[in-house]
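In what follows, a structure is listed as structure tokens, so that the remarks can point back to it.
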Amino acid sequence: MLESMRNATQGVVGKAIMTVVMGLIIVSFVIWGVGDMLRGFTASNVASVGGAKISSQDYRYQFQRTLQQYQRRLRQPFTTEQARAIGLDRQVLQRMISEAAIDEEARKLGLDVSDEALRAMITANPDFQDSSGAFDPQKFASLLRDNDLNERFYVTELKKNALRQFIIAALATGVAAPKAMVTSEADTEGQTRSADTFVLPAAAAGDIPAPSDETLKAYFDDRKSTYRAPEFRAMDVVALEPETLANPAEVSDADAEAAYAKVAGKDPKYGAPEKRDLEQILFPNQADADAAEAKIKAGASFDDILKDRNLKPEDVELGQTAKDAIIDPAEAESVFALPAGGVSGVLTSQFGPVIVRVKTITPATVKPFAEVADEIKRRISASRAGDKIQALHDKIEDLRVSGKPLPEAAKEAGLTTQSVAAIDATGKDPNGKEVPLPDGPDLLRAAFASDVGLDEAPLQTKDGGFVWLAVTKVEPSHERTFEEAKPEVEAQWRTEQVEKALAAKADDLVKQLRTGASAADVAKSVGATVKSVVDIHRDEKSSLPESVVAAIYREPADGVGSAATPEGRTVFKITADQTPPVDAIDPRVKSMAQQLDGATRESLIDQYIAGLRRSLGVTVNPSVMQSAEGG
């Protein structure tokens, strides 16, 4: 077959087939790994789908491969028990059942992939090509050998995956979300409301009488589990990072100046690039854009074009924009060649023809080299520290293998140890203060997956360094007594009483608003000041807390209500509700439509596979499945 592949890359037919097929699928060798063809066969099946069987060996391989992916992603051990706890075993099996269902359907339909098409796919795979882009038979054979695969198994799996992709493509290609769905979603996303609001502060709740111990004890007993003391761990941490080894004195002025020239005015640390406050009119077609440009040349202003198209200034506002933020290079060059107040001709953007006006120009600011020389030299030195880091890593590992505790190994290597007396899984000490850690979240996860006395492999940081940890003590989570938790219990009880009192007072004020009282008068009656908020979107941040925005959209268009906030309780009266017409060329609408198209295709595929599974029939053997997983 290797000889026929070499021939296939030269023929016109082979190239044509490759072009068509590769438009649908390019399957990389790393997808499959070691197949059960190379490991023998067992009659035990985890599941069956129609006439197709999922063997325990196939399932075990896929399950273990998924575990390894999670371990690499989490950078810590991930056990079979943990995988079962989050349902990972079921996810793997369901995916394999779905694939088997499509394979069985392909068999029933009599579908196949020709040898010529398979050759085209393999020879077009970049993993099997040399530096010139030609298929390299030796590289192909070597990669299969390195992954413990043979050619027959690889080609069989490639054919299965190709057929799955062909079936899915035939089913979903050209499918789009219904126009009514896009319009409905666009209406929801574009809807805005305005409201008059005022805040009842916590002080408005009045005096809350001090609770008795019996009241607090009953409150504590009802919520005892929420007052458990978390598990705390003590550990030693050693960080080896490029910054630790950086020595600016080793970097020459010439090297630093060359690096400075590349980042000056681009990196915020060393200054800011030129920015322009831009306005942009997006046209639905080239003809409209050309007509607008002709009017401008004839004496019309940019504002005149806005009026002609019924646009408001906020509809065309792009705001302060740097040159590299404009995706199309030609458009960026044209815009940044304009003077302040200048108006462009018709430009081609990623969304269609546009005309741009430059309102103002903010010049670039660049810090002088002398001011940032030390910082640049430190960064260069840190980037060159790779060899030193590896040497120190090896030294510490050798010392640990010889029996040295982590602090002693670090000391001999010239590094310091951070001893953490107690830290919980959220990174806080017993007093609730954050404990600063190198590579914080990853280190915490690793620490709480480890145990006293275990020599864990170091974590590799994003900047190429290493972090070691050694757990020295574990204080298990335990229930606290009422006396231990009393200050926290009383604070929470008091907070609830304040919230109840504010909610009752807000209900009375809301009733007044419903009967026609103005927000200003109602607010004045409680010593508050009205604040009018406009253009409140459902899912965008505004000056209002999320709880208030959610409450505003739960009410009818002219509704009133209130919501709890960190400051107390906000009372509101909706003053406007607007849903602009859907503009199909609006970038936000386009993006949303694309997302809905993708979701529609996914839903269709899910329904198709579910139908296949029902018609073929699926059986699962849980005992074989658990045995295959091990643990």
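The values are calculated or read from the model by the stated rules, or taken from the named source; none is laboratory data. As the structure is a computational prediction, the values presented were derived from the model and not from experiment. So basically every Cβ, Gly included, is an ideal-geometry build from the backbone, and we count neighbours across all protein chains shown. All accessible areas refer to the heavy atoms of the entire protein, side chains included, with ligands and DNA or RNA removed. Shrake-Rupley method; radii C 1.70, N 1.55, O 1.52, S 1.80 Å.
The table below lists the values:
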read-out: Probe 1.4 Å, protein heavy atoms only - accessible area per residue of the chain in square angstrom; value: 54
read-out: Spin-label model distance (nm) - GLN71 vs GLU151, 7 Å beyond Cα toward Cβ; value: 3.4
read-out: P(r), alpha carbons of the chain - 20 Å bins starting at zero, rounded %; value: 12, 27, 45, 16, 1
read-out: Extension reserve of the SER44-GLU375 stretch, reckoned as 0.36 nm per residue once the Cα distance is removed; value: 112.8 nm
read-out: Cβ-based charge dipole, the chain, positive-most Cα from THR565, ALA195, GLY617; value: GLY617
read-out: Listed residues SER542, SER419 arranged by accessible area, highest first, probe 1.4 Å; value: SER419, SER542
read-out: Nearest-0.05 FRET efficiency for GLU412 and VAL474, computed from C-beta distance (R0 25 Å); value: 0.40
read-out: Whether segment 543-631 is rounded, prolate or oblate, judged on the alpha carbon gyration tensor where a/c under 1.5 counts as rounded; value: oblate
read-out: In order through segment 540-548: 3J(HN,Hα) via Karplus (6.51 cos²θ - 1.76 cosθ + 1.60), integer Hz, x for Gly, Pro; value: 10, 5, 9, 6, 9, x, 4, 5, 6
read-out: Extension gain (nm, one decimal) between LYS108 and ALA550, 0.36 nm per residue minus Cα-Cα; value: 154.0 nm
read-out: Distance in nm between pseudo-label sites at LYS53 and ASP115 (7 Å out along the Cβ direction from Cα); value: 2.9
read-out: Net charge of Cβ neighbours under 15 Å - reference THR600; Lys, Arg +1; Asp, Glu -1; value: -2
read-out: Förster radius 22 Å - calculated FRET efficiency between ALA340 and ASP303 (Cβ-Cβ, nearest 0.05); value: 0.85
read-out: Prolate/oblate/rounded label for segment 153-228 (Cα gyration tensor, a/c 1.5); value: oblate
read-out: ³J(HN,Hα), Karplus 6.51/-1.76/1.60, whole Hz, each residue of segment 349-354, x for Gly, Pro; value: 10, 5, 9, x, x, 9
read-out: Carbon and sulfur %, accessible surface of the chain computed with the full protein complex present, 1.4 Å; value: 52
read-out: Gained length - THR188 relative to GLU257, 0.36 nm times residue gap less alpha-carbon distance; value: 19.6 nm
read-out: Residues GLN165 and ALA330, FRET efficiency given R0 of 30 Å [Cβ-Cβ distance, rounded to 0.05]; value: 0.25
read-out: Per-residue SASA entry for GLU475, accessible area with 1.4 Å probe, Å² rounded to 10; value: 80
read-out: Cα gyration tensor shape of segment 224-326, rounded if a/c is under 1.5, else prolate or oblate by comparing a/b with b/c; value: oblate
read-out: Karplus 3J(HN,Hα) series, Hz, for segment 106-115 with 6.51 cos²θ - 1.76 cosθ + 1.60 (x for Gly, Pro); value: 4, 5, 5, 7, x, 7, 7, 10, 5, 4
